[in-house]
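Laboratory data are not the source of any read-out in this text; all were calculated from the coordinates shown. The structure presented is a predicted model; accordingly, all values stated were derived computationally and were not measured. All Cβ positions, glycine included, derive from the backbone under ideal geometry; neighbour counts span all protein chains shown.
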Amino acid sequence: MFSDRTAIEFGGLMGIPVRVNLSLLLLAALLVHFNGSGAEFAAELVAFTLLTASLYIHALGQALGARAAGLTVTRITLFGGGGRIDHDGREADETARMVILGPLANLSVWAVATLLLPFTSGHLAWGLQALAFINLFIGLVSLLPVRPLPGGKLFAMALGGLSPVFAARIAGVVGLVTGVALLAGMALSFMLFGLVLFIIPAFAAHWQMLNARGAGRVASA
């Protein structure tokens, strides 16, 4: 979704190198303001740190799924639109379990943080509430049936029992409509909650699916 311009690279958990894309720093510049009070700056910085950690959790979930599928994960990239893993297989080698583990990791963090929230107070309660909200946001958004989100891949897999051309056209129109709604929803989220991700729906790929005339277009687009 963004050019592979790396700002930072370091060793991560499970021995998987982590790259921070320049777009994540641009997202930080958008979400963390330097012209407010010290308390506001601190709150925004903590919230962005929790957002970055949550994107990393999402990518780690996918990495665990990839390893369970027998693939070697070579890198995790964090960017303004989410977290991505690179592995030694093809997209055709990805299983539903592998793809869905990213969103499930975020939804699990949301559930745990929500359960712990009644037992906390003060700044800790605020942090847990922010962590829960951010992970719910990432988990639900990533399940939307539009590429390049995991939900787009899962939706294509769910249509596997249909004829290739019919499945491609369904995935195409659903992806186009969902992509437009996603952009509008991100703008609304930023205005209401100050939370946004730089997600660019794959409109060209979905348009190709909609106009599919041959077999296998859902998987290859």
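The table below lists the values:
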| quantity | calculated |
| --- | --- |
| Estimated distance in nm for a label pair at GLN129 and VAL180, the labels positioned 7 Å out from Cα along Cα-to-Cβ | 3.6 |
| Cα-based Kirkwood hydrodynamic radius, region 61-177, one decimal, Å | 15.7 |
| Given charges at beta-carbon only (K, R positive; D, E negative), |dipole| of the chain in Debye | 560 |
| Approximate spin-label separation ALA187-ARG97, in nm, with each point projected 7 Å along Cα-to-Cβ | 4.2 |
| If the convex hull is drawn through the Cα atoms of region 144-221, its volume per residue in Å³ | 69 |
| Karplus-derived 3J(HN,Hα), 6.51/-1.76/1.60, for each residue of region 14-30, Hz, glycine and proline x | 6, x, 9, x, 10, 10, 9, 6, 4, 5, 5, 5, 5, 5, 4, 5, 7 |
| Point-to-point label distance, ASP88-ALA204, nm (Cα→Cβ direction, 7 Å offset) | 3.1 |
| Extension gain (nm, one decimal) between ARG67 and LEU140, 0.36 nm per residue minus Cα-Cα | 23.9 nm |
| Region 20-65 - Rg over Rh from alpha carbon coordinates, Kirkwood radius | 1.10 |
| Length-normalised contact order of the chain in % [C-alpha pairs under 8 Å, at least 6 apart] | 18 |
| Over the chain: helical MRE at 222 nm, DSSP H runs n ≥ 4 each giving -39500 (n - 2.57), nearest 500 | -20500 deg cm²/dmol |
| For region 1-143, fraction of C-alpha pairs farther apart than 22 Å, in % | 44 |
